[in-house]
Amino acid sequence: MRHALGTMAIAMAMMATLGGASARAQEWTLVIHGGAGVIERERMTPERDAAVRAALNAALAAGGAVLDGGGSALDAVEAAVRVLEDDPNFNAGRGAVFTADGTNELDAAIMDGRSRAAGAVAGVTATRNPISLARAVMERSGHVMLIGAGADAFSRAEGLEQAAPEWFATPERREQLERWRAAQQQGQRQSALAFDPDHKFGTVGAVARDSAGNLAAATSTGGVTGKRWGRVGDAPLIGAGTFADATCAVSATGAGEFYIRMNVAHEICARVRLSGDPVQQAADAVQAETLQLGGSGGVIALTADGAHAFSFNTPGMYRGVARRGAAATVAIYGDE
Ligand code: ASP
């Protein structure tokens, strides 16, 4: 009798474990950001606050629908980023910041944690959704990164949707450029912050874990206001602003020059993989070290066990998270 009960208890415990494992396998997580910077309640209108939250929710819904249907993390991060690229409130795709010459030059990268396949573009000018161009580079070019006119030509050859310069340009970003030009005339020193007088980033990104447990990361940006000489930031550089492997996925936003030097996205994932640091601890530590160099900003990070982290040292970061079976949440300010 004792033996039979013992066997039954073991069988039940096994079923519970298996049930737990299969329930976990069904789980998915999607984390997004829409940029970190001087985003404060006093500076936001209620309309803008509402528009940003609606866009973040729309991006979570688009990526979440992919994951809920059993789709891949890679498809989900692309879907979420495309929504934010099309929204003029963010510095990516439509609504990208201007270069010193008054043009829009876009950077994007995507990485599949399953295989470490990656694709990136920098300084592209005519693809409506640069994240999809990055994915085309990954899947169909035989390369990892294409830049400028060559990347634009590849986009046309691949039949990606093209957009005229007016699509990307918004009056608000033009005003930011004018403020930047005025500051230049007043002889403000060139620094990472002088690039953008508002220090208001707006890069967009997503990291996801799909129901098969695979991870992916994607980031898209217009860079920084007043950039010159073909300047490229961290967003399209694999390991700096964007990274995914089997353990961890990261998308960053912030003062790109510093994020490049710290190799922020890869550094966070390396600490998780090699030291077993919890992802929030790894993200906070690398963020602190980057700030010590002089670079502020934020990251989103996600691990294969579904743990996620937001880490930013700016007053705010547009951000959101969705999980299977739970209500999506979005936030803007540091105290939310
Ligand atoms: N990291 C981006 C760049 O340096 C800027 C941003 O996050 O808004 O290009």
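Every number in this text was worked out from the coordinates using simple rules, so none of it is lab data. As the structure is a computational prediction, the values presented were derived from the model and not from experiment. Note that each Cβ is placed from the backbone with ideal geometry, even for glycine, and that neighbours are counted across all protein chains shown.
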* Calculate how steeply helix 148-157 sits against the longest principal axis of the alpha-carbon atoms of the chain, using the helix alpha-carbon long axis, and give the answer as 0 to 90 degrees to the nearest 10. => 60 degrees
* To do: Could you order peptides 78-86, 104-112, 297-305 by the average number of other Cβ atoms within 10 Å of their residues, highest first?
  => 104-112, 78-86, 297-305
* Asked: Of the peptides 68-74, 47-53, 133-139, how do they stack up when ordered by the mean number of other Cβ atoms within 10 Å, highest first?
  -> 133-139, 68-74, 47-53
* Please tell me the relative contact order of the chain in percent, rounded to the nearest whole number, where contacts are Cα pairs under 8 Å and at least six residues apart. => 24 percent
* To do: Over all alpha-carbon pairs of the chain, lay out the pair-distance distribution in 10 Å bins, whole %, shortest bin first.
  => 6, 28, 35, 19, 6, 3, 2, 1, 0
* Structure fact -> Compactness check, region 272-336: C-alpha Rg relative to the 2.2 N^0.38 Å globular estimate gives 1.20
* Report, to the nearest 10°, how far helix 171-185 tilts away from the longest principal axis of the Cα atoms in the chain, using its own Cα long axis and a range of 0 to 90°. => 60 degrees
* Using the Cβ atoms and a cut-off under 11 Å, what net charge is assigned to the surroundings of Tyr333, where Lys and Arg are +1 and Asp and Glu are -1? -> -2
* Asked: What is the sum of charges around Asp284, taking Lys and Arg as +1, Asp and Glu as -1, for the other residues whose C-beta is under 11 Å from the C-beta of Asp284?
  -> -1
* Asked: What is the local net charge at Arg261, summed over the other residues whose Cβ is closer than 15 Å to its Cβ (Lys, Arg +1; Asp, Glu -1)?
  -> -3
* To do: Let me know the charge dipole size of the chain about its Cα centre in debye, to the nearest 20, where only the beta-carbon of Lys, Arg (+1) and Asp, Glu (-1) is charged.
  => 380 debye
* **Helix axis angle, 73-86 relative to the chain longest principal axis, alpha carbon, degrees** => 30 degrees
* To do: Please list 119-127, 38-46, 254-262, 317-325 highest first by mean number of surrounding beta-carbon atoms within 10 Å per residue.
  => 119-127, 254-262, 317-325, 38-46
* **Computed Rg/Rh of region 86-180, alpha carbon atoms with Kirkwood Rh** => 1.01
